[in-house]
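The values are calculated or read from the model by the stated rules, or taken from the named source; none is laboratory data. Quick caveat, the model's predicted, so the values are computed rather than measured. No Cβ is skipped: glycine too gets one built from the backbone with ideal geometry, and neighbour counts run over all protein chains shown. Note: accessible area is taken over every heavy atom of the protein model, side chains too, but ligands, DNA and RNA are not part of it. Shrake-Rupley method; radii C 1.70, N 1.55, O 1.52, S 1.80 Å.
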Amino acid sequence: MSKLRNIVILTGAGISAESGIDTFRSEGGLWEQHRVEDVATPEAFVRDPDLVLRFYDMRREAIQTKQPNAAHVALARLDREWPKREGGDVLIVTQNVDDLHERGGALNVLHMHGEHLNAWCIACDTRHRWTGPLIHRPPCPACGMAALRPDIVWFGEMPYRMEEIYAAVSTADLFVSIGTSGAVYPAAGLVRNARDLGVQTLELNLERSKGSAWFHETRLGPATQIVPDWVGELLSS
Ligand code: BV8
């Protein structure tokens, strides 16, 4: 394998599971309690905005009562220490919309599906850090219009900063996927981009995912165990 310098890490709901944040597709997960079509599409927001706003208000409030876990902290350590030692880059691309990577100390996080703690004004296209509810249609801090929506990429909407993500994968020496079922595209397709470019690929997950066959190596276990172990190996190598 070429010298290991640049690492791209894709994370999904599984890395936040042990912090008490529901995943989507496991037992009792979010999509068992709510139909995606009812709460996570632009059409749903037009059809029943109150239902959608309440769904996200509830989750925005919930994540603020949760704490980052050992997996978030381990990735933050890698994010801080790796560039100093190996002169390479670490990029954490997360499908998650919580802020546990940042609160775990990570500096370089790209939220491809948006963030609970942002509100997006569809009148003036500005984004604002937002920790409270949106159900009461608060005025946009920039333009005053009652036009704020969750800054979340819904199904049928284009994930954020895809060009940047593809560019990072194309210069990566290692692509690591952590805590994702490999069910949602284009995120789930990134491992194939990596493979097509000859990038080494590693999956860290509780169980085999839909994409496991595309990884050179898969390690199974809870993220709070296998992620710190992997980071420890890397930093002591
Ligand atoms: C787009 C925000 C086009 C919402 C989300 C047919 C084929 C291919 C694609 C499609 C298709 N039909 C439609 C599509 C496109 C669609 C898609 O992929 N659908 C799937 C369901 C088939 N994709 C889209 O619509 C995307 N946009 O394609 O746009 C376009 C093109 C041009 C111009 C305009 C538009 C947009 C996708 C983004 C949707 N928004 N999130 C919200 O959060 O409310 S996706 C949602 O699923 C979350 O972001 C989540 O991150 C993502 C993936 O889920 P996971 O993170 O993987 O979570 P999951 O529960 O599934 O799995 C958890 C994993 O963790 C499991 O494997 C489990 O074993 C593991 N785990 C559990 N505990 C632990 C653990 N691992 C370790 N330790 C533990 N303790």
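Here are the numbers:
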| quantity | calculated |
| --- | --- |
| Selection count, segment 169-178, where residues are surrounded by 20 or more Cβ atoms within 10 Å (Cβ to Cβ) and more than 8 Å from residue 199 (Cβ to Cβ) | 3 |
| Pairs where the first residue, in segment 211-227, is closer than 17 Å to residue 187 by Cβ and the second is loosely packed, with under 15 Cβ neighbours inside 10 Å, C-beta under 6 Å, 6+ apart | 214/192 |
| Selected residue [open to solvent by less than 40 Å² (accessible area, probe 1.4 Å), more than 12 Å from the ligand (Cβ to nearest atom), touching a residue at least 40 places away in the same chain (Cβ under 8 Å) and not in a loop (DSSP other than H, G, I, E, B)] from 234, 202 | 234 |
| Segment 112-143, residues that are in contact with a helix residue (DSSP H, G or I) (Cβ under 9 Å, 6 or more places away or on another chain) and assigned to a strand (DSSP E or B) | 116, 117 |
| Every residue from segment 185-195 that is more than 12 Å from residue 166 (Cα to Cα) and without any contact (Cβ under 8 Å) to a residue 12 or more places away in the chain | 185 |
| Flag if residue 150 is in contact with a helix residue (DSSP H, G or I) (Cβ under 6 Å, 6 or more places away or on another chain) and surrounded by fewer than 18 Cβ atoms within 10 Å (Cβ to Cβ) | no |
| Residue selected from segment 91-130 under the condition over 15 Å from the mean Cα position of the chain (by Cα) and surrounded by 17 or more Cβ atoms within 10 Å (Cβ to Cβ), by the criterion nearest to residue 62 (Cα to Cα) | 130 |
| Some residue of segment 133-143 being free of Cβ contacts under 8 Å to residues at least 60 places away in the same chain, buried (at least 16 other Cβ atoms within 10 Å of the Cβ) and among the basic types (Lys, Arg) | no |
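Yes/no per residue for (1) in contact (Cβ under 8 Å) with a residue 60 or more places away in the chain; (2) open to solvent by less than 40 Å² (accessible area, probe 1.4 Å); (3) hydrophobic (A, V, I, L, M, F, W, C):
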position	(1), (2), (3)
14	yes, yes, no
35	no, no, no
40	yes, yes, yes
50	yes, no, no
54	yes, no, no
57	yes, yes, no
63	no, yes, yes
67	no, no, no
